[in-house]
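The values are calculated or read from the model by the stated rules, or taken from the named source; none is laboratory data. Note that the structure is predicted; figures quoted are calculated from it, not measured. Cβ: placed from backbone, ideal geometry, glycine included. Neighbour counts: every protein chain shown.
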Amino acid sequence: MGTVEYTGHVAAGGPPGSRLAGGLTVIKMSVGPMDNNAYLLVCRDTRDALLIDAANDADRLLALLAVQQPAVRLAGVLTTHRHQDHWQALTRVLAATGAATLAGAADADGLPVPVDVRLEDGDRITVGAVSLAVIALRGHTPGSIAIRYDEPSGAVHLFTGDSLFPGGPGRTASASDFTSLMDDLEARVFGPLPDGTWVYPGHGDDTTLGAERPHLAEWRARGW
């Protein structure tokens, strides 16, 4: 399974994109009919791996694991939120690999499998020798989470699920949910993180906080 140069865009059903990011290799693949993004984070030192959103196409995800050289060990599968399009392949991937399951505490009971690690805002998880931070972004669902990785160089990577896309926050079901999500995005993402932060969303192309920051007031005004 070949990879393409990493631009933040991967084609539905096409080859994954791969990039080096400090102690991690980040591999992005589009799966399923809704152009869901699945991200494989591989520790370059230990070859332990974390899969973010086993969204669909279990065979392709398992093949992606199988072709990694040197071989990887899938230590965990993290689900960013409880919506069904983000966990269609979860049961099969877990059965094939024995990986642990991780999800936001408030969404854990909405998944089709028992969750081993229920995550809260400010928690930290590890992928081999690499530490990642958990950011709760409440609104798209009550337990939606983002994952932050800080390279030793200072570069920041943020995996946002459906809470932040190019062009705005993810869909919300009420005005209060929208306000909650915008409040968390401003306080926990745009407030502390620099413009160069690379954003990996749950669907579609990547973006940066710098590209999105000028539109915060516009998003507030339009509501979703």
Qualifying residues in the range 2-38 (those that are part of a strand (DSSP E or B), at pLDDT 95 or above and among the aliphatic types (A, V, I, L, M)) - the one surrounded by the fewest Cβ atoms within 10 Å (Cβ to Cβ): Leu20
Filter the range 199-224 for residues that are aromatic (Phe, Trp, Tyr) and surrounded by 18 or more Cβ atoms within 10 Å (Cβ to Cβ); which is nearest to Leu185 (Cα to Cα)? Trp219
Quick one: which strands (runs of 3 or more DSSP E) sit completely within the range 125-224 and have at least 2 residues that are modelled with pLDDT under 95? none
Using the structure shown, decide if Ala49 is in a strand (DSSP E or B), crowded, with 19+ Cβ neighbours inside 10 Å and in contact with an Asp or Glu (Cβ under 8 Å, 6 or more places away or on another chain). no
When both residues are 6+ apart or on different chains and their Cβ atoms are under 6 Å apart, which pairs have a first residue that lies in the range 92-121 and is free of Cβ contacts under 8 Å to residues at least 60 places away in the same chain and under 17 Å from Val134 (Cβ atoms), and a second that is in a helix (DSSP H, G or I) and of a type outside the set (S, T, N, Q)? Val115/Ala108; Arg118/Ala105; Arg118/Ala108; Glu120/Ala105
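What do you reckon, is Asp195 charged (D, E, K, R), more than 14 Å from Arg138 (Cβ to Cβ) and in contact with a helix residue (DSSP H, G or I) (Cβ under 8 Å, 6 or more places away or on another chain)?
yes
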Is it the case that some residue within the range 74-85 is of a type in the set (Gly, Ala, Ser), in contact (Cβ under 8 Å) with a residue 40 or more places away in the chain and in contact with a Gly (Cβ under 9 Å, 6 or more places away or on another chain)? yes
Can you tell me which residues in the range 184-193 are surrounded by fewer than 13 Cβ atoms within 10 Å (Cβ to Cβ) and either among the aliphatic types (A, V, I, L, M) or touching a residue at least 24 places away in the same chain (Cβ under 8 Å) (or both)? Ala187
